[in-house]
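Participant: What follows is a structure written as structure tokens; I'll ask about it next.
The values are calculated or read from the model by the stated rules, or taken from the named source; none is laboratory data. Because the structure is a prediction, the values reported are computed rather than measured. Backbone-built Cβ (ideal geometry, glycine too); neighbour counts: all protein chains shown. Heavy atoms of the whole protein, side chains included, go into the accessibility calculation; ligands, DNA and RNA do not. Shrake-Rupley method; radii C 1.70, N 1.55, O 1.52, S 1.80 Å.
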Amino acid sequence: MPPVGSGHIAVRVTNNGVEMSQEQVVFDAHPGYLVSGIAPTVGVLGGGLVVDVHGRGFRAEDSFECVFASLRETRKSAGVYVSWSLISCESPVWESAETVNVSLVLEGESWTDGRHDGHVFEYVAEWRARGVMPSVGGSGG
């Protein structure tokens, strides 16, 4: 199929490349999705943290799922359309501290940036401060 833009495209079928079917169906074409990253990338085992999936090409009429997966288990969370470039979902409860992959799924197809199967999310047992920024400030606040 040649490249097309966004929108509704009428499609007809042929067996020999010459004679076309009288009936036609409408194909809804749109640019592909791209997932470029997630934030935050760390959350607690109890789940419930809002994870933003950044990318492009998301549409309000589509249904999304965020998939959190390790070698041991896979859990899903409903994705909420925010904008053309943002889907939000909640991190699900996880059994033990480990690093998992997060993918966005639409109708059974996973969408990532093509570098790997998903984006890394680290589950930790409890929150710990790793640092403070800025590390210096005035006494007046």
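Participant: For a quick check of your reading: which strands (runs of 3 or more DSSP E) sit entirely within segment 8-97 and have at least 3 residues that are open to solvent by less than 30 Å² (accessible area, probe 1.4 Å)?
Facilitator: Working: elements: 25-29, 34-39, 42-44, 50-56, 64-69, 74-83, 86-90.
Of the strands (runs of 3 or more DSSP E) lying wholly inside segment 8-97, those with at least 3 residues that are open to solvent by less than 30 Å² (accessible area, probe 1.4 Å) span 34-39, 50-56, 64-69, 86-90.
Participant: Here's something else I'd like to know. Looking at this structure, is V124 of a type in the set (A, V, I, L, M), modelled with pLDDT of 90 or more, open to solvent by less than 80 Å² (accessible area, probe 1.4 Å) and under 9 Å from the mean Cα position of the chain (by Cα)? Reasoning before the result, please.
Facilitator: Numbers: of a type in the set (A, V, I, L, M): yes; modelled with pLDDT of 90 or more: yes; open to solvent by less than 80 Å² (accessible area, probe 1.4 Å): yes; under 9 Å from the mean Cα position of the chain (by Cα): no.
Spelling it out, it is not the case that V124 is of a type in the set (A, V, I, L, M), modelled with pLDDT of 90 or more, open to solvent by less than 80 Å² (accessible area, probe 1.4 Å) and under 9 Å from the mean Cα position of the chain (by Cα).
Participant: Any residue in segment 57-83 that's touching a residue at least 12 places away in the same chain (Cβ under 8 Å) and farther than 16 Å from S103 by Cβ: show its pairings with residues that are assigned to a loop (DSSP other than H, G, I, E, B) and open to solvent by less than 30 Å² (accessible area, probe 1.4 Å) at Cβ separation under 8 Å, as long as the two are six or more apart or on different chains.
Facilitator: Here the result reads Y81/F58; Y81/D62; S83/F58, each pair linking segment 57-83 to a residue that is assigned to a loop (DSSP other than H, G, I, E, B) and open to solvent by less than 30 Å² (accessible area, probe 1.4 Å).
Participant: Quick one: what pairs do we get from segment 122-141, first residue within 26 Å of E90 (Cβ to Cβ), second β-branched (V, I, T) and not in a strand (DSSP E or B), C-beta under 9 Å, 6+ apart or different chains?
Facilitator: Here the result reads E122/T41, each pair linking segment 122-141 to a residue that is β-branched (V, I, T) and not in a strand (DSSP E or B).
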